[in-house]
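Peer 1: Got a structure for you, written out below as structure tokens; questions coming shortly.
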Amino acid sequence: MLLDGHDDAAVSDAADRLAAGELVAFPTETVYGLGARADDDAAVARIFELKGRPIGHPLIVHVADREDAGRFAATMSPLADRLVEEFWPGPLTVIVQRKAGFAAAAAAQQATIALRCPAHAIAHALLVAARDRGVPGVAAPSANRFGRVSPTTAAHVVDEFGADLMVLDGGAAQLGIESAIVDCSGDQPVLLRPGVLTRERIEAAAAAPLLAPHDASPRAPGTLVSHYAPRATVRLMTTPMLRMALEVLGAEPLKLAVYSRSVPSGVATGVRHRRMPARPEQAAHELFSVLRELDREGVHLIWVEEPPPGPEWEGVRDRLVRAAAA
Ligand code: TXA
Ligand code: MG
């Protein structure tokens, strides 16, 4: 059932459900999350079941503030502290050593745990109301079936899971792609997943360069090569390649869509075209929505013009490369 997240009564109701071990979907500034109380392994198991997510893939635990992070962390490393100080509440997830014997299912039995304090008024209100009911944090992956495109509106969540699930509606997610994840559990920070926050900003706050993810466990869903996939086949193309392909294609009424910043001439002849915004924040904001819309329109093939190089496009590029790997 879809409830207005701006309504206090709806938030109280959702917090009651979380406290009782039920699932609730809620908005954050990045994407919508599918939440369960993080300290209840049985409640967390329901998330894995509903998403069809393999149990080896750990979840992010959402907390109302920095102090609450301390309930899940064995220690917040100085590195994690610097990042949290700079970016919380906000679209940054830190991975730290987990407090033993706590939130084991949410962490998929890893010795570490992923923590995030979202900057979204409804998410925050829900986390505070849940805390008032004894819930120390809410484990929440993106509210989509495993491997699919993350939801950026409440309607997307209903499309994924149907009308039985409680969804707090907070409108379209402001940022549109998931949080940046930085592993702070070792000596040096590792960027496990790029987000809207640029590498430069994170490195400046960390006072250290960000390493690339090594191939070690856990194989996280956001870090699998194929992820964020619409039903249509996605091909990522350079601008000249896209131009040439469209010339060859002519006016063939293929179930083809083109998503590009430039408008190649072939597009005029009936190929469905969506304009990719010139600004990376705007592109991130609408990316998953566009992929879902094209799926709904029955498109079979999506040709995407490669985004420009540059750190501010890293998050969008990452999601497109994974969508195209499916
Ligand atoms: O923006 C976001 O982060 C959204 C919203 C709902 O907050 N959440 C989200 O969760 O994207 P999810 O489950 O779809 O992605 C969680 C990512 C996965 O790549 C997961 O493997 C990684 O976090 N992760 C979680 N715990 C980890 C750990 N202990 N070590 C390494 N990676 C971890
Ligand atoms: Mg996800």
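The values are calculated or read from the model by the stated rules, or taken from the named source; none is laboratory data. Given the structure is predicted, the values throughout are model-derived calculations rather than measurements. Glycine also receives a Cβ, built like all others from the backbone with ideal geometry; neighbour counts cover every protein chain displayed. Accessible surface is based on the protein model in full, side chains and every heavy atom, while ligands, DNA and RNA are left aside. Shrake-Rupley method; radii C 1.70, N 1.55, O 1.52, S 1.80 Å.
Peer 1: What residues qualify as long-range amide H neighbours of ASP169, i.e. H under 5 Å apart, gap of 5 or more or another chain, H built at 1.01 Å from N?
Peer 2: Answer set, sorted by chain and number: LEU3, ASP4, GLY5.
Peer 1: Length gain on complete extension for the stretch ARG66 to MET244, per 0.36 nm per residue less the alpha carbon to alpha carbon distance?
Peer 2: Details: separation 178, 0.36 × 178 = 64.08 nm, distance 5.21 nm.
Going from the current span to full extension adds 58.9 nm.
Peer 1: Any idea what the relative contact order of segment 82-167 is, in percent, if you count C-alpha pairs under 8 Å spaced at least 6 apart? Mind dumping the intermediate values first?
Peer 2: On the way: 72 pairs, mean separation 17.1, N = 86.
Normalised by residue count, the contact order of segment 82-167 is 20 percent.
Peer 1: If you wrap a convex hull around the C-alpha atoms of segment 1-84 and split its volume per residue, what is the figure in Å³? Please report the intermediate quantities before stating the final value.
Peer 2: Values: hull volume 11.1 nm³, N = 84.
About 132 Å³ per residue, rounded to a whole number.
Peer 1: Pull up all non-local amide H partners of TYR228: gap of 5 or more, or a different chain, and H-to-H distance under 5 Å with H placed in the peptide plane.
Peer 2: GLY147, ARG148
Peer 1: For segment 59-69, take each phi angle, set θ = phi - 60°, evaluate the Karplus expression 6.51 cos²θ - 1.76 cosθ + 1.60, and give the result in whole Hz per residue in order, putting x for glycine and proline.
Peer 2: For segment 59-69, the Karplus curve yields 9, 8, 9, 9, 10, 6, 7, 4, 4, 5, 4 Hz.
Peer 1: Further question: Using unit Cβ charges (K, R positive; D, E negative) and no other charged atoms, how large, in debye to the nearest 20, is the dipole of segment 2-206 about its Cα centre? Write down the numbers at each step before the final one.
Peer 2: Values: 18 positive and 27 negative charges, 123 e Å.
Charge dipole of segment 2-206: 580 debye, to the nearest 20.
Peer 1: Okay, moving on. Size of the dipole of segment 26-120 about the Cα centre, Lys and Arg at +1 and Asp and Glu at -1 on the beta carbon, nothing else charged, in debye to 20? Write out the running numbers ahead of the final one.
Peer 2: On the way: 10 positive and 11 negative charges, 58 e Å.
Roughly 280 debye, rounded to the nearest 20.
Peer 1: Right, something else. How far apart, in nanometres, would the label points at ALA9 and ARG274 be if each is projected 7 angstrom from Cα along the Cα-to-Cβ direction?
Peer 2: Inter-label distance under the simple model: 3.7 nm.
Peer 1: Still on this structure, please answer the following. Between GLN282 and ASP16, what is 0.36 nm times their sequence separation minus the Cα-Cα distance? Round to one decimal in nm.
Peer 2: Details: separation 266, 0.36 × 266 = 95.76 nm, distance 3.54 nm.
Separation in residues times 0.36 nm, less the Cα-Cα distance, equals 92.2 nm.
Peer 1: For the peptides 132-138, 23-29, 75-81, 272-278, what is the packing order when you average, over each peptide's residues, the other Cβ atoms within 10 Å and list the highest mean first? Show your work: numbers first, answer last.
Peer 2: Values: 132-138: 19.9, 23-29: 26.0, 75-81: 17.4, 272-278: 15.4.
My ranking of the peptides, most packed first, is 23-29, 132-138, 75-81, 272-278.
Peer 1: Could you do me a favour and compute the accessible area per residue for the chain, 1.4 Å probe, result in Å²?
Peer 2: Values: 13290 Å² over 326 residues.
Using a 1.4 Å probe on heavy atoms only, each residue of the chain averages 41 Å².
Peer 1: Roughly how many nanometres apart are two label points built 7 Å out from the Cα toward the Cβ at ALA42 and PHE146?
Peer 2: 2.3 nm
Peer 1: Give the angle, between 0 and 90 degrees and rounded to the nearest 10, that separates the Cα long axis of helix 78-87 from the longest principal axis of the Cα atoms of the chain.
Peer 2: Result, in degrees: 60.
Peer 1: Counting only residues 5 or more places away or on other chains, whose amide H sits under 5 Å from the amide H of ARG193 once H atoms are built in the peptide plane?
Peer 2: ILE181
Peer 1: Compute the distribution of all C-alpha to C-alpha distances in the chain, in bins of 20 Å from 0, and list the percent of pairs in each, rounded to whole numbers.
Peer 2: Pairs per bin, as whole percents: 33, 55, 12, 0.
Peer 1: Report, to the nearest 10°, how far helix 41-51 tilts away from the longest principal axis of the Cα atoms in the chain, using its own Cα long axis and a range of 0 to 90°.
Peer 2: Its long axis makes an angle of about 10 degrees.
Peer 1: Which whole-number percent gives the relative contact order of the chain, counting Cα pairs below 8 Å spaced six or more residues apart?
Peer 2: After rounding, I find 20 percent.
Peer 1: Another one. Quick one: angle between helix 239-249 and the longest Cα principal axis of the chain, in degrees between 0 and 90, rounded to 10, please.
Peer 2: Approximately 50 degrees, to the nearest ten.
Peer 1: If packing is taken as the average count of other Cβ atoms within 10 Å, what order do 37-46, 2-11 fall into, highest mean first?
Peer 2: Top of the packing list down: 37-46, 2-11.
Peer 1: Quick one: ranking SER150, SER12, SER142 by accessible area, 1.4 Å probe, largest first, what do you get? Write down the numbers at each step before the final one.
Peer 2: Values: SER150 0, SER12 45, SER142 25 Å².
These residues rank, largest area first, as SER12, SER142, SER150.
Peer 1: Can you compute 3J(HN,Hα) from phi for each residue in segment 4-12, using the Karplus curve 6.51 cos²θ - 1.76 cosθ + 1.60 with θ = phi - 60°, rounded to whole Hz and x for Gly and Pro?
Peer 2: 6, x, 7, 8, 4, 5, 5, 5, 4
Peer 1: Sorting MET166, MET244 by accessible area (1.4 Å probe), largest first, what list results?
Peer 2: Largest to smallest exposure gives the sequence MET244, MET166.
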